[in-house]
Structure formats: C-alpha cells, structure tokens
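Presented below is the structure to which this report refers.
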Amino acid sequence: MTNIKKWEDNDHWVEIDLDLCIGAGDCIEVCPVDVYDFLNNKVDAENIGECTDCMACQDVCPNDAILKHSAWS
Ligand code: SF4
C-alpha cells in the first residue's frame, strides 16, 4: 500500500510518496518560498500556494520522494 499525499492550491500542486520520504529536509532548505516544512519527521507542503514553479525541489530530494509537481506537468 502506498502512502502518497497530494497538496494543491489553485494552479500549484505536488505529490509526495511519504514512504520514500526520509525526512532529509533538502527540499525545505532549497525552496525559496518556504513551501515545505517538517511534520512528524516527514515533509509537509502546506504552503504549496506560495510555489513559484522554480523546480529546485525536484533535483535535491535524495530518495526521489517528490513524484509529481505542477511545475513539471
Ligand atoms: S518548485 Fe520551487 S517554489 Fe515550488 S515547491 Fe519546489 S522548490 Fe518550492
């Protein structure tokens, strides 16, 4: 059973596999508008509405937990 969570706000959205998320925090560090934060040792994208589609978070996740993103559709 997968543990995929989707956050969305208007034109911006992201899907993250929380089983793959190891809580590395790289996306939190790289996101210029603080979309991400920690929640229970996993990443949370509660501020997805602030996303600028810069695509930086895709490259930094060490475990490819960020599955889909509005920036890449
Ligand atoms: S695409 Fe850029 S602005 Fe959007 S969540 Fe990823 S790092 Fe943040």
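Computed quantities for the displayed model
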quantity	calculated
Members of the stretch 15-65 that are more than 10 Å from the chain's Cα centre (by Cα), closer than 14 Å to ASN3 by Cα and among the small types (Gly, Ala, Ser)	none
Elements of type strands (runs of 3 or more DSSP E) contained in the stretch 8-73, each with 2 or more residues being touching a residue at least 40 places away in the same chain (Cβ under 8 Å)	12-17, 66-69
Hits in the stretch 9-29 - residues which are surrounded by 14 or more Cβ atoms within 10 Å (Cβ to Cβ) and farther than 15 Å from ALA65 by Cα	ASP9, HIS12
Flag for VAL43 being surrounded by 12 or more Cβ atoms within 10 Å (Cβ to Cβ) and near the ligand (Cβ under 7 Å from one of its atoms)	no
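Bear in mind these aren't lab numbers, they're just calculated from the coordinates by the rules spelled out. Owing to the predicted nature of the structure, the values given are computational and were not obtained by experimental measurement. We place every Cβ from the backbone using ideal geometry, glycine too, and count neighbours over all the protein chains shown.
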